[in-house]
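Data block below; observations after.
Read the figures in this text as sums done on the coordinates, not as results from a lab. Treat the numbers as computed from the prediction; the structure is a model and nothing was measured. A quick note on method: Cβ atoms are made from the backbone with ideal geometry, for glycine too, and the neighbour counts reach across all protein chains shown.
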Number of protein chains: 2
Amino acid sequence: MHGSEWLVDGQGCAPARLRDRASVVGLMDRIVTTMGLHVVSTVIHVFPGPGGITALYLLSESHLTIHTFPETGIVTLNTYCCTPRDPAPWAELLGELLGAQKVTVSEHPRGRAL
Amino acid sequence: MHGSEWLVDGQGCAPARLRDRASVVGLMDRIVTTMGLHVVSTVIHVFPGPGGITALYLLSESHLTIHTFPETGIVTLNTYCCTPRDPAPWAELLGELLGAQKVTVSEHPRGRAL
C-alpha cells in the first residue's frame, strides 16, 4: 500500500471564484497547511476566455490537483498522500473558498502490494 | 459531468525502470500519444537516493500523474480526461515499459452536475 487518494468534486460553486487564480491557489494552500503537506513544485494554468484554472502541486507526499469549470460551477480536486494523513474538511473548505453548495468525496487506497 | 479519471496501479515492476527518468517519461509520452492528449506543461521530480520519480503533466484535457516506488516495485498512475476518450491499454503499456506484472484499474466519473 502507498497511501490514499481522495477524489473531491464540488458543485454549485461561484463561477467568479473558479476563474480567480487567487481563490484557487488559496484553496490549494489551505489544504497543504491543513494536512501538513510539503510542496516540491507547482504548475498552474489559467485557460483563456471563459475557461477555468488547472493547478498541479507536486508534493513530497505525492500530489494535489485541481480543475475548475466556471461554466458549470464545478471543481474537481485530487489529494494523494502516500503516507497516512487525516483528510481535510473538504466540504467546509470548498464551501468557504469557492462557494461550493454540494461536495462529494471518495477515498481510494493506492498501490496494493502483490 | 466532466469526464473520467482512471486510477491505475501497477505491481511487480522492475525497480531499475522505476528509478529511470527516461522509462517513466517514456510511459507518460506513450499514454499522451495513444489517447490523443495535449500537454500544456510538465513538472518532473526525481527523489534522491533510493526514492522514485513523480511526474505531473498538465493537459488541455485535465491531467496525467505518475509516482513510482522502486522499493516495492509499485507505480501509481492517474489519467483524468474531461472529454470522452477510450482508455489506453493500461496493463499492456505498464507491462511493456515498466515490467509491471499485475495492473489494477478503476474508472471514476468526475464532476457530476447538481
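Considering only segment A:53-63, state which residues are surrounded by fewer than 23 Cβ atoms within 10 Å (Cβ to Cβ) and touching a helix residue (DSSP H, G or I) at 6+ places or on another chain (Cβ under 7 Å).
Within segment A:53-63, A:Ile53, A:Ala55 qualify.
Would you mind telling me which numbered condition in (1) away from chain B (no Cβ under 14 Å); (2) outside any helix (DSSP H, G or I); (3) surrounded by 20 or more Cβ atoms within 10 Å (Cβ to Cβ) A:Val103 fails?
Only one criterion is unmet by A:Val103, namely (1).
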